[in-house]
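Just below is one structure, and these are the notes that go with it.
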Amino acid sequence: MARISSFHLATVLHDIHQRQRADGPAAILGLGTANPTNCVLQDHFADWYFHVTKSDRLAELKAKTKKICDRSGIKKRYFYHTEEIIGGHPELIDRTLPSLKTRLSIIADAAPNLAAEAASRAIVDWGRPAADITDQIVVTNSGANEPGADLRLAGLLGLRPTVRRTLLYLHGCSAGLTALRIAKDIAENNRGARVLVACAQAKILMFTSPDVDAAADLDKIIAMTLFADGAGAVIVGAEPAASSSPIPMERPIFHMVSASQTTLPGTEQAVVMNLRENGLVDSHLSVEVPRLVCGSLERCLADSLAPLGLVNASDGDGGRNGLFWAVHPGGRAILDSYEATLGLEPGKLAASRHVLSEYGNMMGATVIFVLDEIRRRRRRRCEDDAKEKNCQWGVMSGLGPGLTIETIVLHATDRQDEN
């Protein structure tokens, strides 16, 4: 074989690399969501929860739980676990009994089934067959199995055996953004790649009876009143197929222009998720999270927006009210913190507040529900929405263990206005 000069080799490698990469940014090409059928109204939750866990004797704690529900900004939540499932497995509510095996066996069906329902809707929205998916990213805070939900989901959807699978566990509320950031990199660096992102949450891993000592441990009570089950799915790809292509036309919903992650120093214990013999009981969600975020949020977002020219120092709000906002609704206090810290106008977080109200916090899946809600709102042709529809640039943001802030800058496309 002829000897290749280092200069020529570098040129060859560069050309190969360029041919492998897509031209243009990754885009969200399809969206889908799903929830279990078991719906519990938030103003009935305390009664339901203390009944199914046989804890009605804890009247004071039940009263405190009701007050937290009243202030949560949530109307209803959906759960995979039902009174029948809980009744059939007493170890789920007995803190002295090991229950991890039971929980994981329930989740082994719950997570992939929920993900498959959401993914099927995203594929229909995308308009191409499931067999065209080249990569799959499954994210769940519910599980510790291998083979896991990714392989089960691939089988349920009929994906090709060559699909490249990635499975992420226990990334908390920022899981959806983490998966989308990875999908963006895959799509932009692999020409023709079509990435299915599926996020599924089944709360059974952390569901347990109230602790008689929980009256002094507010974060445990908040977790029971906040989290819910659901799944969201997204199809991501770069260089969408045009109408002249032999494959079905693709129409981007949002372009993902940039993605970043920032970990706040000294906040490692603010959000903690540890798997133990009786589930995710060794978990911690500090009530201080909104305050911790306030000190760093503005700087983190400015670092993401400034390089794109989307920060306007002459505006009192830095130009932030000229953007649309897809913020993960970690809770009412988190949304209030974003609004106050960034000086956002009333209504800027309306989509996030609506999703929190209708579904609760479904961890990683929730931000996909927010994106879908923003799409629906942008499609409306009413005068009240005109100003918001003119916002073509937007920010998707969420918090996770670390304490970590994930940020993705979006650009909305004309597909929003389709009927």
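Every read-out reported here was derived from the displayed coordinates using simple, explicitly stated rules and does not represent laboratory data. Note that this is a predicted model, so its numbers are computed, not measured. Note that each Cβ is placed from the backbone with ideal geometry, even for glycine, and that neighbours are counted across all protein chains shown.
According to a simple spin-label model (label point 7 Å from Cα along Cα-to-Cβ), what is the distance in nm between Leu13 and Leu41?
Taking the simple label geometry, Leu41 and Leu13 are separated by 6.6 nm.
Order 229-237, 189-197 from most to least packed using the mean count of other Cβ atoms within 10 Å. Walk me through the intermediate numbers first.
Details: 229-237: 30.0, 189-197: 21.4.
Highest mean packing first, the order is 229-237, 189-197.
Where q = 0.07, 0.09, 0.14 Å⁻¹, what log10 of I(q)/I(0) comes from the Debye formula for the chain, counting one point per Cα?
-0.34, -0.56, -1.28
Output ³J(HN,Hα) for the stretch 328-334: one whole-Hz value per residue in order, computed from phi by the Karplus curve 6.51 cos²θ - 1.76 cosθ + 1.60 with θ = phi - 60°, and x for Gly and Pro.
5, x, x, x, 4, 5, 5
In nm, to one decimal, how far is the modelled label at Val311 from the one at Lys67, with both set 7 Å along Cα→Cβ?
4.1
Which order do peptides 393-400, 154-161 fall in by mean Cβ count within 10 Å, highest first? Spell out each step's value before the answer.
Numbers: 393-400: 24.0, 154-161: 15.1.
Ranking the peptides 393-400, 154-161 by packing returns 393-400, 154-161.
Work out how much length Arg191 to Glu268 would gain on full extension: take 0.36 nm times their residue separation and subtract the Cα-Cα distance, in nm to one decimal.
Working: separation 77, 0.36 × 77 = 27.72 nm, distance 3.75 nm.
So the extension gain works out to 24.0 nm.
Assign unit charges at the C-beta atoms only (+1 for Lys and Arg, -1 for Asp and Glu), then state the dipole size of the chain relative to its Cα centre in Debye, rounded to the nearest 20.
Magnitude of the dipole: close to 580 debye.
Report the calculated FRET efficiency for Ser5 and Thr162 (r = Cβ-Cβ distance, R0 = 30 Å), to the nearest 0.05. Can you show the working numbers first?
Values: r = 36 Å, r/R0 = 1.19.
Given R0 = 30 Å and the Cβ-Cβ separation, E is 0.25.
With a ≥ b ≥ c taken as the square roots of the eigenvalues of the C-alpha gyration tensor of the stretch 111-160, please select rounded if a/c is under 1.5 and otherwise prolate if a/b is larger than b/c or oblate if it is not?
prolate
Have a look at Leu153, Leu275, Leu226 and tell me which one the Gaussian network model of the chain (Cα, springs below 10 Å) gives the largest fluctuation.
Sorting by GNM fluctuation, first place goes to Leu275.
Name all residues of the stretch 140-165 having a backbone nitrogen under 15 Å from the label point set 7 Å from the Cα of Ala131 along its Cα→Cβ direction, giving them as ranges.
Of the residues in the stretch 140-165, 157-163 have backbone N under 15 Å from the label point off Ala131.
With the cut-off at 21 Å, tell me which of the pairs Lys54/Lys203; Lys54/Lys220; Lys64/Lys220; Lys67/Lys348; Lys75/Lys101; Lys76/Lys220 have Cα atoms farther apart than that.
Numbers: Lys54/Lys203 19 Å; Lys54/Lys220 18 Å; Lys64/Lys220 12 Å; Lys67/Lys348 27 Å; Lys75/Lys101 32 Å; Lys76/Lys220 19 Å.
Too far apart for the 21 Å limit: Lys67/Lys348; Lys75/Lys101.
Between rounded, prolate and oblate, where does the stretch 21-129 land on the alpha carbon gyration tensor, with a ≥ b ≥ c its root eigenvalues, rounded for a/c under 1.5, else prolate if a/b exceeds b/c?
On the way: a/c = 2.95, a/b = 1.83, b/c = 1.61.
Because a/c hits 1.5 or more and a/b exceeds b/c, the stretch 21-129 counts as prolate.
Put +1 on the Cβ of every Lys and Arg and -1 on every Asp and Glu Cβ in the chain; which of Gln20, Gly155, Asn189 then has its Cα farthest towards the positive end of the dipole?
Highest projection toward the positive end goes to Gln20.
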